[in-house]
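Reviewing the structure listed below.
The values are calculated or read from the model by the stated rules, or taken from the named source; none is laboratory data. A quick note: this is a predicted structure, and the numbers were derived from the prediction, not measured. Neighbour counts are summed over all protein chains in view; Cβ atoms, including those assigned to glycine, are modelled from backbone coordinates with ideal geometry.
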Amino acid sequence: MKKPSFNYKVLRGILNFLVNVVVKVNVTGYENFDKNKQYVVVCNHTSWLDILLIIAKLPKTFQVVLLAEVASAYQQKFIKFAIEKGELNIIEVDRASQKSRMKGLRLILKKAKEGYPIVIFPEGRINPDDSRLYPFYTGIFFAAVQARLPVLPVYIRGTSRIYYRRRINMNFGTPIEVKKDDTVKDVAKKTYRHLLDNVQPESPYNRERKVRKDLTRAFLGDLLPPPENLGEMIADGRAADDLFKGVNEVSKDKFVQKEEN
């Protein structure tokens, strides 16, 4: 596995410090996997804070490559500066473009073969309900199958709302080994079920209190409408349309207001 650079270690250390100052993170499951082995890390996605948590809380031996949407929060100047100086590899993908998706998959596979752990959020969008998963985009499991890398599942709960000292639970599950005859869809289905059945932690307890500074809007991002190609996604036996019901009508302000009431 590729050893992390000095700059990446500094970035990880700073992020770990900042995360620990803002929220209380309870991390479990470190004993479930080899800290010196390369993985495709798969995580649910409730907030942009999930990305910072993944970088900060993965072992020090990891220097990850992230797959991210082109029009994402990291495009801001300060964030881009931190990414460049911290030598964080981010592969940009425009999911609306087949050409961009194929290019992204090729780059992901190249980085995987160079020894980098790969981090993906297969829901492809922010999901305001951390007790369930949206259907997975199957194509992004391509690197795991082609490079025969085990999948390390991670489940985060509590980031649907962010404020000072809020409790968050983060659990690392047991890795899923990719077999020689596994297809991309096979691995996606196994990961989906494993995350829900075995990896999902309990919802963290946060007592009701008046919050002076709610940071949810800063980390929520855009609640995107359902994709048009639902037939290419894993819906775990349920109708994909039902999983996305009402997403179009839920705006950022409505979601935050709902959480505060």
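Tabulated results
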| read-out | value |
| --- | --- |
| Selection status of Asn44, at negative phi, surrounded by fewer than 20 Cβ atoms within 10 Å (Cβ to Cβ) and among the polar types (S, T, N, Q) | no |
| Per-region count, the stretch 177-204, residues under 30 Å from Asp214 (Cα atoms), of a type outside the set (Asp, Glu) and assigned to a loop (DSSP other than H, G, I, E, B) | 4 |
| Filter result for the condition that a residue is modelled with pLDDT of 95 or more, more than 11 Å from the chain's Cα centre (by Cα) and either hydrophobic (A, V, I, L, M, F, W, C) or not in a helix (DSSP H, G or I) (or both), over Asn20, Asn16, Asn26 | Asn26 |
| Filter result (crowded, with 20+ Cβ neighbours inside 10 Å and touching a strand residue (DSSP E or B) at 6+ places or on another chain (Cβ under 9 Å)) within the stretch 139-149 | Ile140, Phe141, Ala143, Ala144, Leu149 |
| Residue match in the stretch 82-93 (condition: at positive phi, at pLDDT 85 or above, surrounded by 14 or more Cβ atoms within 10 Å (Cβ to Cβ) and touching a helix residue (DSSP H, G or I) at 6+ places or on another chain (Cβ under 8 Å)) | yes |
